[in-house]
Amino acid sequence: MPFQLHRRKVLQWFLVLLAAVMLSACGFHMRGPAKLPFKSIYLGFPDNSSLGTELKRYIRASGVEVVDKATEAEAVMQVLANTTEKKILTLNSNGQVREYSLYQRFSFLVKDQTGKVTIAPIQMTLKRDVTYDPNQELAKQAEEALLYRDMQSDLVQQILRRMSATKTGVDETIEE
């Protein structure tokens, strides 16, 4: 009897260990900081840009230095456009707005120290739809602001993924 009890405990521990190994082998891992192909970067954002501030924070978290002068940087990000837009999506039977589409469009390119383009101009467009109710004007304005902040965070993550997907080297550079 004691032998079977011992055998059962060993089997239980083996199954627990097997389950742990199987779960860890599935390939899941948390996304860590971006692995950027340069050691320093200059970002072409105005000082009061919330998008620039958030992007700086994530770049610094990845171990890359964000410098204040383009001449000191290994890479230079040039912002080509950064616009937000609000369009009417649907109207009700009285011709009043029922839904809006919110857009954020952003385009940029990245050059190396010599001025060669390492990331060709990229345009990103993010869109969110929001319902509108004139009886809840303040709540809808707050919701719109929250959606724009959410789009900004998504945009920062997309920019970082594009930058980290770029390899440095002669073959990947694009002449202007």
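The values are calculated or read from the model by the stated rules, or taken from the named source; none is laboratory data. Source: prediction; values computed, not measured. Heads up, the Cβs are rebuilt from the backbone with ideal geometry, glycines too, and the neighbour counts pull from every protein chain shown. Please note that ligands, DNA and RNA were not included when accessible areas were found on the heavy atoms of the full protein model with its side chains. Shrake-Rupley method; radii C 1.70, N 1.55, O 1.52, S 1.80 Å.
Values computed for the structure shown
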{"item": "The chain, accessible surface, carbon-and-sulfur percent (1.4 angstrom probe)", "result": "55 percent"}
{"item": "The chain: angle of helix 2-24 to the longest principal axis, Cα-based, in degrees nearest 10", "result": "20 degrees"}
{"item": "Listed values [x] 19.0, 67; [y] 24.8, 82; [z] 15.9, 50, entry calculated as Rg and Dmax of the Cα atoms in Å", "result": "[y]"}
{"item": "Per residue solvent-accessible surface (Å²) - the chain, probe of 1.4 Å", "result": "69 Å²"}
{"item": "Loop trypsin sites (Lys or Arg not before Pro), the stretch 91-154 (other Cβ atoms within 10 Å of the site Cβ: 14 or fewer; DSSP)", "result": "116"}
{"item": "Value at 222 nm in deg cm²/dmol, rounded to 500, when DSSP H runs of n ≥ 4 in the chain each add -39,500 (n - 2.57)", "result": "-12500 deg cm²/dmol"}
{"item": "C-alpha long axis of helix 50-61 to longest principal axis of the chain, angle in °", "result": "30 degrees"}
{"item": "Only Lys, Arg (+1) and Asp, Glu (-1) charged, at Cβ; the chain dipole about Cα centre in debye", "result": "980 debye"}
{"item": "16 Å Cα cut-off, lysine pairs counted over the chain (separation 8 or more, or different chains)", "result": "14"}
{"item": "Unit charges at the beta carbon, dipole of the stretch 45-176: most positive-side option, 114, 63, 49", "result": "49"}
{"item": "Angle in degrees between helix 137-165 and the longest Cα principal axis of the chain, rounded to the nearest 10", "result": "70 degrees"}
